[in-house]
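Chemist: Quick one: structure below, then a few questions.
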Amino acid sequence: MHDSFKQTLFGVLMGCALVTQVMGQQTPARSSAASVSVWLTNPDDPAALFVKQPGTLRFDAAIKSVSDPIITVDKAQRFQSIDGFGYTLTGGSALLLSRMGPSERAALLRELFGTQGNSIGVSYLRVSIGASDLDERVFSYNDLPDGQTDPKLERFSLDPDRQYLITVLKQILAINPAIKILGSPWSPPAWMKTNGSSKGGSLKPEFYDTYAQYFVKYIRGMQAEGIHIDAVTIQNEPLHPGNNPSLLMLPEEQGLFIKKSLGPAFRAARIQTKIVLYDHNADRPDYPISILNDPEVKPYVDGSAFHLYAGPITALSEVHKAHPDKNLYFTEQWTGAPGNLKGDLGWHVKNLIIGATRNWSRTVLEWNLAADPRQQPHTPGGCTQCLGALTLDGNAVTRNSPYYVVAVASKFVRPGSVRVGSEGPDSLPNVAFLTPDKRWVLIVYNDTKTAQSFAIRENGALARTSLPAGAVGTYVWGAIRQKPSK
């Protein structure tokens, strides 16, 4: 082939390619059908517990109407950002994890806290400041013989947590350095309390400043271990002094403690850890509202935390309405042993994953991560029927309903996701999010006793699907491309 012919042919081919490229840019094209990945959690099928389904759904703009119910995702409506989904890592959970073989524990932690492969991407943890009732014993970081006090906290030490909890947290942070951690105390040291006991009693006013420094020392001590505490609540379940450990702290006491002691202590020490109110049931929205109504307290406070052992989940929206500039967190819900996968999964997904986030919560945390087959360890007087997300028997792992409750959201609704609008029939409770990588995630629960067919509408296109009775679907897709304007 002569060089001149080669040059002519090359020029023709390049010209054709350029024309094709320009025409492709200028010529209106049909909108592409976005594909939807579906993860099914069907409690009636052990082989379909948070499992990706074969094939994909597709949005079709040509479908104008369907006879089935429709869930509409409205990206124009934007609500709160999400901090994460996860569990309480109790001292007992850390102890059981520590008793696993190194390779088995490493594999399980990757499954829980990683984001690749079969990992579920847990992104938020709650830990106890001192012992919770699911530690093997009661302790604080400043335990003293009866009659002694230590106002300067000279005998403060995190040593009770170093053997198990801090070690496991460091292993988790190696997998997910960005995980957020919330600290919650079940009780101050007994010598700070009116009854001198780990159970019940109230914080003595003369120790408000000392207890504020206890928080400062805890946060700084954990930071020295490489563990950043993103937020603290003032007291776990402040209206339930019957647990062991526990503390009664009325709203006026909590407000005064923040205003007089904790807020100023954090400010003086330049502590950036968030202060979160309440941390108890949704039947008392007046508790955080009354504290936030005090203009001297409010600037120190990031938001309020809730459990759902009493009251409606909609109470969170009451607090949001009263103080829309403050955040909301859902921090605890137990599952009673031995558990009922179908009933527990449905209730928790409907009320927490869907209900709490639709009522402005930035987190959903299950209680607790792990227990053994006898629901141990726990303190004397602590919870004896709290089913872990995992049952750990040496290296044997059983995944219970709370594992799947968190998984349906945590894997894809990553921190920084924003809740967007979604509406559908009452029989299909749902919630939708836009993730930081610009994917859409829709979580749907079939709240009926029969299979339901339905369609998802987003940006004017429809995708048809169905869910078995009592099942949860997690639907993930990229944004539908618009038709180019003429």
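Chemist: Report D for the range 402-473 in µm² per second (integer): Stokes-Einstein, Kirkwood Rh on Cα pairs, 10 °C, 1.306 mPa s.
Modeler: My calculation gives 122 µm²/s for D.
Chemist: Taking the Cα atoms of the range 278-362 alone, what are Rg (to one decimal) and Dmax (as a whole number) in Å?
Modeler: 13.8, 47
Chemist: Give the accessible area for residue 51 in Å² (nearest 10); use a 1.4 Å probe, count only protein heavy atoms, and leave out ligands, DNA and RNA.
Modeler: That residue has around 50 Å² of solvent-accessible surface.
Chemist: Under the 0.36 nm per residue contour assumption, what length would be gained going from the current alpha-carbon distance of residue 104 and residue 423 to full extension?
Modeler: This chain segment gains 110.6 nm when fully extended.
Chemist: Same structure, new question: Whole-Å semi-axes of the range 208-256's equivalent ellipsoid, largest first, each the root of 5 times a Cα gyration tensor eigenvalue?
Modeler: 24, 13, 9
Chemist: Can I ask one more? Could I have the simple spin-label model distance between residue 74 and residue 53, label points 7 Å from Cα toward Cβ, reported in nm to one decimal?
Modeler: Here the modelled spin labels are 2.6 nm apart.
Chemist: What does the accessible area of residue 350 come to, in Å² to the nearest 10, when a probe of 1.4 Å is used?
Modeler: Here the accessible area works out near 80 Å².
Chemist: Return the percentage of antiparallel bridges among DSSP beta bridges fully within the chain, rounded to the nearest 5 %.
Modeler: Restricted to the chain, the bridges split so that about 55 percent are antiparallel.
Chemist: Restricting to Cα pairs below 8 Å that are 6+ residues apart, what does the relative contact order work out to for the chain? Please round to a whole percent.
Modeler: 23 percent
Chemist: Rounded, prolate or oblate: which fits the range 398-440 when a ≥ b ≥ c are the square roots of the eigenvalues of the alpha-carbon gyration tensor, with rounded for a/c under 1.5 and prolate only if a/b beats b/c?
Modeler: The shape class here is oblate.
Chemist: In the range 94-185, what chymotrypsin sites (Phe, Trp or Tyr not before Pro) fall in a loop by DSSP, with at most 14 other Cβ atoms inside 10 Å?
Modeler: Taking the range 94-185 and a limit of 14 other Cβ atoms within 10 Å, no loop chymotrypsin sites (Phe, Trp or Tyr not before Pro) are found.
Chemist: Another question, if that's okay. From a point 7 Å beyond the Cα of residue 137 in the direction of its Cβ, which residues of the range 346-381 have a backbone N at a distance under 16 Å?
Modeler: Of the residues in the range 346-381, 377-381 have backbone N under 16 Å from the label point off residue 137.
Chemist: Continuing with the same structure: Pairs 321/411; 298/326; 152/193; 75/438: which are spaced more than 20 Å apart, C-alpha to C-alpha?
Modeler: Too far apart for the 20 Å limit: 321/411.
Chemist: Please list, ordered by chain and number, the residues whose modelled amide H lies under 5 Å from the amide H of residue 366; skip anything fewer than 5 residues away on the same chain.
Modeler: When sequence neighbours closer than 5 places are left aside, the close amide H contacts are 86, 87, 88.
Chemist: Could you work out Rg/(2.2 N^0.38 Å) for the chain, with Rg from alpha carbons only?
Modeler: 1.13
Chemist: Sort 37-49, 300-312 by the packing proxy (mean of other Cβ within 10 Å over each peptide's residues), most packed first.
Modeler: 300-312, 37-49
Chemist: Quick one: length gained pulling residue 44 to residue 220 fully straight, 0.36 nm per residue minus the C-alpha distance?
Modeler: Residue separation times 0.36 nm, minus the Cα-Cα distance, leaves 58.6 nm.
Chemist: Oh, and also: Ignoring everything except DSSP H segments at least 4 long, calculate the 222 nm mean residue ellipticity for the chain; use -39,500 (n - 2.57) per segment, divide by total residues, nearest 500.
Modeler: Rounded to the nearest 500, it is -7500 deg cm²/dmol.
Chemist: So for each of 87-100, 364-377 I average, over its residues, the number of other beta carbons within 10 Å; can you give me the resulting order with the highest mean first?
Modeler: Those peptides, ordered most packed to least, come out 87-100, 364-377.
Chemist: While we're looking at this one, here's another question. From zero up to wherever the largest Cα-Cα distance of the range 92-137 sits, split into 10 Å bins and tell me the percent of pairs in each.
Modeler: In order of increasing distance, the bins hold 24, 43, 30, 3 percent.
Chemist: At a Förster distance of 56 Å, what's the computed FRET efficiency of residue 466 paired with residue 376, Cβ-Cβ distance as r, to 0.05?
Modeler: 0.85
Chemist: Need one number: nm distance between label points at residue 449 and residue 250, each 7 Å from Cα along Cα→Cβ, rounded to one decimal.
Modeler: 4.8 nm
Chemist: Any idea how far apart residue 159 and residue 268 come out in nm if each label point goes 7 Å out from Cα toward Cβ?
Modeler: Result: 2.8 nm between the two label points.
The values are calculated or read from the model by the stated rules, or taken from the named source; none is laboratory data. Small disclaimer: the values here were computed from a predicted structure and weren't measured. Quick reminder, even Gly has a Cβ in these numbers, built from the backbone with ideal geometry, and neighbours come from all protein chains shown. Accessible surface is based on the protein model in full, side chains and every heavy atom, while ligands, DNA and RNA are left aside. Shrake-Rupley method; radii C 1.70, N 1.55, O 1.52, S 1.80 Å.
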